[in-house]
Amino acid sequence: GAVVSQHPSWVICKSGTSVKIECRSLDFQATTMFWYRQFPKQSLMLMATSNEGSKATYEQGVEKDKFLINHASLTLSTLTVTSAHPEDSSFYICSARDRDSFFHSPLHFGNGTRLTVT
Amino acid sequence: AQSVTQLDSHVSVSEGTPVLLRCNYSSSYSPSLFWYVQHPNKGLQLLLKYTSAATLVKGINGFEAEFKKSETSFHLTKPSAHMSDAAEYFCVVNNSYGKLTFGQGTILTVHP
């Protein structure tokens, strides 16, 4: 089945530093990937839609300069949390849809990245 | 606009008894609907999907869900709960652009 690999699975960083999270589709190509954020005991909130070869589309209220998204290839999207602060601590999950599937097909999810900013 | 409401934030059952996780949706068109399961500190695993074919959908691990348009519901059921079913479950609706809207989640606890 379709596999999405997300790395790292957890990261601890100091306030003010930047952290990069990678999302790879291992056995399929994805023109679109999605980045979500999940707070404890809450649902997933879509942060942005990552489009291969073009700029990401951010949801309302998400700072594009703080959460940099790059989707340089059909199998890799990265999320960089710049100048991280403790309030950025959260669980970040990426997902991808096989480009050969229909828009209503389900997404495949990575295992998430637990970010802790100290 | 579309929305998803999971009617129970927590459901607790005994092992071997039936499971019912309720989900209602609103959508201005015929949606695609999914149920995902999430174990602690893990990503989401697809349980089943409804994409305008059969209204009764069978998924993995013995789960199934029935799409009822008249009731705008897509409840998840399983005849007999197993300890390994303990997790959080999300009902999800897909809009016409492929963007997902998640319900708030239902935490399922299974007692021995």
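Counting only strands (runs of 3 or more DSSP E) that sit completely within region B:50-112, those holding 1 or more residues that are of a type in the set (Asp, Glu) and within 11 Å of chain A (Cβ to nearest Cβ) correspond to B:87-94.
Which residue is nearest to the other protein chains (Cβ to nearest Cβ), if the candidates are limited to region B:24-39 and must be touching a Phe, Trp or Tyr at 6+ places or on another chain (Cβ under 9 Å) and aromatic (Phe, Trp, Tyr)?
Of all residues in region B:24-39, those touching a Phe, Trp or Tyr at 6+ places or on another chain (Cβ under 9 Å) come to B:24-25, B:31-38.
With aromatic (Phe, Trp, Tyr) added as a condition, the list becomes B:25, B:34-36.
Details: B:Tyr25: 14, B:Phe34: 5, B:Trp35: 10, B:Tyr36: 7 Å.
Top of the filtered list is B:Phe34.
Exactly one residue out of B:Lys42, B:Lys68 is surrounded by fewer than 20 Cβ atoms within 10 Å (Cβ to Cβ), out of contact with any Phe, Trp or Tyr (no Cβ under 7 Å at 6 or more places or on another chain) and free of Cβ contacts under 8 Å to residues at least 12 places away in the same chain: that is B:Lys42. Quick check on B:Thr5: is it assigned to a strand (DSSP E or B), within 14 Å of chain A (Cβ to nearest Cβ) and modelled with pLDDT under 90? The answer is no for B:Thr5. Just one of the numbered conditions (1) among the hydrophobic types (A, V, I, L, M, F, W, C); (2) touching a residue at least 24 places away in the same chain (Cβ under 8 Å); (3) part of a loop (DSSP other than H, G, I, E, B) is not true of A:Val62: (2).
If you go through region B:11-28 and keep only what is over 13 Å from the mean Cα position of the chain (by Cα) and either modelled with pLDDT of 95 or more or exposed (fewer than 12 other Cβ atoms within 10 Å of the Cβ) (or both), you end up with B:Ser12, B:Val13, B:Ser14, B:Glu15, B:Gly16, B:Thr17, B:Pro18, B:Ser28. Applying the set (1) of a type in the set (Gly, Ala, Ser); (2) under 16 Å from A:Ala2 (Cβ atoms); (3) away from chain B (no Cβ under 14 Å); (4) surrounded by fewer than 19 Cβ atoms within 10 Å (Cβ to Cβ) to A:Ser77 leaves exactly one unmet item: (4).
For A:Glu52, the conditions (1) within 12 Å of chain B (Cβ to nearest Cβ); (2) surrounded by 17 or more Cβ atoms within 10 Å (Cβ to Cβ); (3) not polar (S, T, N, Q) all hold with the exception of (1).
The values are calculated or read from the model by the stated rules, or taken from the named source; none is laboratory data. From a predicted model like this one, the values you see are computed outputs, not experimental measurements. No Cβ is skipped: glycine too gets one built from the backbone with ideal geometry, and neighbour counts run over all protein chains shown.
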